[in-house]
Amino acid sequence: MPIAVAIALLVLGSVAFHLFSPWWRTPLASNWGSIDSALDVTLWICAAAFILLNLFMAWVLVRYRNRPGHKAHYEPENATLEKRLTFWTAIGIAGMLAPGLVAWGKYVSVPKEAAIVEAVGQQWQWSFRYPGPDGVLGAAAVKYISPDNVLGLDPLDPYGRDDLLVEAGDLHLPVGKPVKIVLRSKDVLHDFYVPEFRAKMDLVPGIVTYFWMTPTKAGTYDILCAELCGTGHHEMRGKVVVETPKAFAEWQAQQTSFSQILADMPQAAISIMLIKANACTISAPRSIR
Amino acid sequence: MATTLADDLRPLHHPRSWLTKYVWSQDHKVIAIQYSVTAILIGVVALILSALMRLQLGFPGLFPSIQPDNYLQFVSMHGMIMVVYLLTALLLGGFGNYLIPLMVGARDMVFPFVNMLSYWLYLLSVIVLVAGFFVPGGPTGAGWTLYPPQAITEGTPGHQWGIATMLVSLAIFVAAFTMGGLNYVTTVLQARTKGMTLMRMPLSVWGIFTASIMGLLAFPALFVAAIMMLFDHFAGTSFFMPTMQSMGRITPTEGGSPLLFQHLFWFFGHPEVYIVALPAFGIVSDLISVHARRNIFGYRMMVWAIVIIGALSFVVWAHHMYVSGMNPYFGFFFATSTLIIAIPTAIKVYNWLLTLWRGNIHMRVPMLFAIAFIFTFIHGGLSGLFLGNVSVDVPLSDTFFVVAHFHMVMGVSPVLVIFGAIYHWYPKIFGRMWNETLGKLHFWITFLGVYAIFLPMHYLGILGVPRRYYALGETAFIPESVHLANEWITIAALIVFAAQGLFFFNMIWSLFRGPRADPNPWGAASLEWLTPQTPPAHGNWGPHLPVVYRWAYDYSVPGAARDFIPQTEPRA
């Protein structure tokens, strides 16, 4: 008997906790409302199942508790009932899978007009790269990394010369413009995670990963790392500033391009960089458009 | 008709001394207890680690000796110990060993020597695992998932020796499991007594049997992953190591794939969830049926659900990797297969409820744990649909929602079943009865406590609080109330932690002072309760093997004299 009451109270308590919980999604700041609605549909179907099944159990525990003269019913199978339950479960599952897959379909199709920004992770900080006026990120790889070339741009790739580099600074994005965020890691796994955007994706050394989104609300948001990357994992923070296209253009105009960095380097250092780069052109990675 | 071993007792390895009876024993029951005690002891280590983690999360800065490295080491060791060295070992090595021969009417496992070897190798794997605490740099802090490259590169605690002891220990564990698993599968297939057809076996055996087959197929993936990472670490290969930097220096590695490890790991890791869950499903079915005095509802459906879940669990692994950077188009397939697996799982839940329905429910301690399991499993199963549903997983992955989900579904739920099962079979195993008041107290604190721990975590996860964080620090979207929640969760966790003392006290005290138990105190119909001696003697059945005439669930049959008919009773 107490267990039946406990189960019923836990169900009611869970519902109350849900209704009065101070913790829920952060206000959405991207186009991924479809992810939020898929979560809502999943939640409603699951909540209905949770409440019905557990309240049924609580009722059964009271109704069929052991007491003098009470005897259990012998019924090994009831094919009709089992088929009906299977059918309705399948309907419920399909009901939540459909919006989930539709949202995923959007998540994996990057719009053609999306701008490109690169986020580079390393233990334990974020850096960013913009493609510059040509709209193409120059080739980059770990083997090109040097103190003068911290993001590892290929000095021989002409597409890379106008790239804007933001080392350990803030990411800026214009509001309302779709952007493909290309992700690269210099060392270990990381994950680019801004809760308000809903989107996230791992950075995997050796390959380039990506996701896309449209920031819809101006503001400054925390960038966290969501893939355990060692001792400083919890301190691998960055900021993303979503601002008007005008403010974004002004900010961009102040950033340093790769050619400016090269121009500031001593001639000898450039020569060494170019010689080293030439030595590894055989399997040079491609530029990202 | 099942193949039966003869009634001949001679092939059994009879113990001649105390040492061969209790230490180097080939008796499945002794090996089961050895496995269980070892698993529970190492489980207590993992429990202590979780308390330390909670202290850091609930009261950050209050314990200066817990540094970020320590925290990550606690996380990693806690996870691996609980999943592999406690749950897998206890459910298969412990319950599998004890129950299979008794439930199918065999005298022992078919390979008793290999069975003994399985335990000693398991013990060795535990010793190597524990050695990780004492090597320079301490145990690995790469998370229980051990993802490379960070697992073996600078910047991660234990990247030098801790990871090596972990990988070697896992490889030994897989060898130990293979010896046990082959035994469980072969015993079920070859050593069933006369009349014990597959479709008359108790669901406990079905769950353990299917899980053993899955283990034999899934653990090799972990084994090769461990060996390959050891090569990467010590022999300079690059299976998982790309061209990369480590702490600002370019490593000599080239061209390896970190994602390959993740695929291997989860090809093991996902079936592993069901290797733990299926024995628990089977055992809880038996607890419910016995204590509700009612036949299991839809037995054939239950068996098929176990088999289908087992098969499907091999094609869902990449749902752990939706945002891993694998080809995103895999998401469509893996979301669909993952949500399909929910159907047979839901059928199991319905059939447990329908077994209770129209039953005659005795609220004994094992039954309380079984009911609590249904509640937590419904909760954990449903939250799994969020994470399986690919796009919904994107905001939730690597947050506290995931922590809450898997603790509810494969931490709390199987552990509740294990408690229920220990209370249920204790009188048979030791011939003594435990104290009911202590048992109920243990149940109530544990059940309500774990829900208080894990329910709020779901909401922290939906808010976006990331997991595996030593400290949340200054984060704009995390309000002060989250820190308060963390304090409360820690307090609940410490209460549940302390309450386990009741369980240990009850079990140990009753071993010596508990009243003598009835050979069949619950009025159960399955074979293990029908042994001539309690606890069962070596060889289990005396001079003649039992003969089975019916399934294990003839409870409250109309017209029968008692409310159960033992499996050995001939049909009228």
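The values are calculated or read from the model by the stated rules, or taken from the named source; none is laboratory data. The shown structure was predicted, so the numbers you read here are calculated from the model rather than taken from an experiment. A quick note on method: Cβ atoms are made from the backbone with ideal geometry, for glycine too, and the neighbour counts reach across all protein chains shown.
Within region B:307-343, the set of residues being touching a residue at least 24 places away in the same chain (Cβ under 8 Å), more than 12 Å from every other protein chain (Cβ to nearest Cβ) and either more than 19 Å from the chain's Cα centre (by Cα) or outside any helix (DSSP H, G or I) (or both) comprises B:VAL316, B:ALA318. Selection of region A:232-280 for residues being touching a residue at least 24 places away in the same chain (Cβ under 8 Å) and over 21 Å from A:ARG129 (Cβ atoms) yields A:GLY232, A:HIS233, A:GLU235, A:THR244, A:ASN278.
Taking region B:17-31 as the region of interest, how many residues are of a type in the set (Val, Ile, Thr) and modelled with pLDDT of 95 or more?
Residues flagged as of a type in the set (Val, Ile, Thr) and modelled with pLDDT of 95 or more within region B:17-31 amount to 2.
In the list B:ARG516, B:ARG562, which residue meets the criterion of being more than 23 Å from B:THR197 (Cβ to Cβ) and more than 14 Å from chain A (Cβ to nearest Cβ)? When all the criteria are applied, what remains is B:ARG516.
Selection of region B:433-468 for residues being more than 23 Å from B:ALA493 (Cα to Cα) and surrounded by 19 or more Cβ atoms within 10 Å (Cβ to Cβ) yields B:TRP434, B:ASN435. The requirement of being more than 30 Å from B:THR336 (Cβ to Cβ), more than 22 Å from the chain's Cα centre (by Cα) and not in a loop (DSSP other than H, G, I, E, B) is not satisfied by B:MET241.
Scanning region B:172-192 for residues that are surrounded by 24 or more Cβ atoms within 10 Å (Cβ to Cβ) and either among the polar types (S, T, N, Q) or closer than 19 Å to B:ARG107 by Cβ (or both) yields B:GLY180, B:ASN183, B:TYR184, B:THR187, B:VAL188, B:ARG192.
Considering the conditions (1) surrounded by fewer than 15 Cβ atoms within 10 Å (Cβ to Cβ); (2) closer than 24 Å to A:ARG161 by Cβ, A:SER257 is excluded by exactly one of them, (1).
Looking at B:LEU230, is it surrounded by fewer than 24 Cβ atoms within 10 Å (Cβ to Cβ) and under 23 Å from B:PHE281 (Cβ atoms)?
No, not satisfied.
Do the conditions hold for A:ALA29, that is, is it of a type in the set (A, V, I, L, M), surrounded by 20 or more Cβ atoms within 10 Å (Cβ to Cβ) and touching a Ser or Thr at 6+ places or on another chain (Cβ under 9 Å)? It is true that A:ALA29 is of a type in the set (A, V, I, L, M), surrounded by 20 or more Cβ atoms within 10 Å (Cβ to Cβ) and touching a Ser or Thr at 6+ places or on another chain (Cβ under 9 Å).
Residue-by-condition table, conditions (1) more than 14 Å from chain B (Cβ to nearest Cβ); (2) closer than 23 Å to B:ASP398 by Cα:
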residue	(1), (2)
A:TRP126	yes, yes
A:PRO147	no, no
A:ASP154	no, no
A:TYR193	no, yes
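It is to be established whether one or more residues within region B:96-112 are farther than 30 Å from B:TYR549 by Cα and touching a helix residue (DSSP H, G or I) at 6+ places or on another chain (Cβ under 9 Å). Break it down stepwise before answering.
Our first condition is that a residue be farther than 30 Å from B:TYR549 by Cα; within region B:96-112, this holds for none.
Within region B:96-112 (the criterion being farther than 30 Å from B:TYR549 by Cα and touching a helix residue (DSSP H, G or I) at 6+ places or on another chain (Cβ under 9 Å)), the answer is no, since none of the residues qualifies.
Here is the figure for region A:66-119: residues that are more than 7 Å from chain B (Cβ to nearest Cβ), among the aliphatic types (A, V, I, L, M) and closer than 30 Å to B:SER383 by Cα total 7. Of all residues in region A:22-47, those satisfying the criterion of being more than 7 Å from chain B (Cβ to nearest Cβ), more than 30 Å from A:LEU173 (Cβ to Cβ) and in contact (Cβ under 8 Å) with a residue 12 or more places away in the chain are A:ILE45, A:ALA47. Would you be able to say whether some residue in region B:404-412 is within 30 Å of B:VAL323 (Cα to Cα), within 11 Å of another protein chain (Cβ to nearest Cβ) and of a type in the set (Phe, Trp, Tyr)? No, region B:404-412 contains no residue that is within 30 Å of B:VAL323 (Cα to Cα), within 11 Å of another protein chain (Cβ to nearest Cβ) and of a type in the set (Phe, Trp, Tyr).
The residue list B:GLY215, B:GLY181, B:GLY236, B:GLY207 contains one member that is at pLDDT below 95 and either under 25 Å from the mean Cα position of the chain (by Cα) or in a loop (DSSP other than H, G, I, E, B) (or both), which is B:GLY236.
Evaluating B:THR345 against the criteria (1) closer than 16 Å to A:LYS83 by Cα; (2) touching a Ser or Thr at 6+ places or on another chain (Cβ under 8 Å); (3) of a type in the set (Val, Ile, Thr) leaves one unmet condition, (2).
Filtering region A:196-211 to residues that are β-branched (Val, Ile, Thr) and within 7 Å of chain B (Cβ to nearest Cβ) leaves A:VAL204, A:ILE207, A:THR209. When A:LEU274, A:LEU228 are checked against the criterion of being of a type outside the set (Val, Ile, Thr) and over 29 Å from B:TYR329 (Cα atoms), a single residue qualifies: A:LEU274.
In this structure, B:ILE296 qualifies as within 14 Å of another protein chain (Cβ to nearest Cβ) and over 13 Å from the mean Cα position of the chain (by Cα).
For beta carbons closer than 9 Å, sequence separation of 6+ or different chains, a first residue in region B:7-29 that is of a type outside the set (Lys, Arg) and a second that is modelled with pLDDT under 65, the qualifying pairs are B:PRO11/B:LEU5. When we screen A:LEU173, A:LEU228, A:LEU183 for residues that are at pLDDT 95 or above, among the aliphatic types (A, V, I, L, M), part of a loop (DSSP other than H, G, I, E, B) and crowded, with 18+ Cβ neighbours inside 10 Å, the only hit is A:LEU228. Would you pick out the residues in region A:13-58 that are in contact with a helix residue (DSSP H, G or I) (Cβ under 8 Å, 6 or more places away or on another chain) and part of a loop (DSSP other than H, G, I, E, B)? Scanning region A:13-58 gives A:SER21, A:PRO22, A:TRP23, A:TRP24, A:ARG25, A:THR26, A:PRO27, A:LEU28, A:ALA29, A:TRP32. Within region B:32-62, the set of residues being modelled with pLDDT under 95 and either closer than 21 Å to B:PHE134 by Cα or within 14 Å of chain A (Cβ to nearest Cβ) (or both) comprises B:PRO60, B:GLY61.
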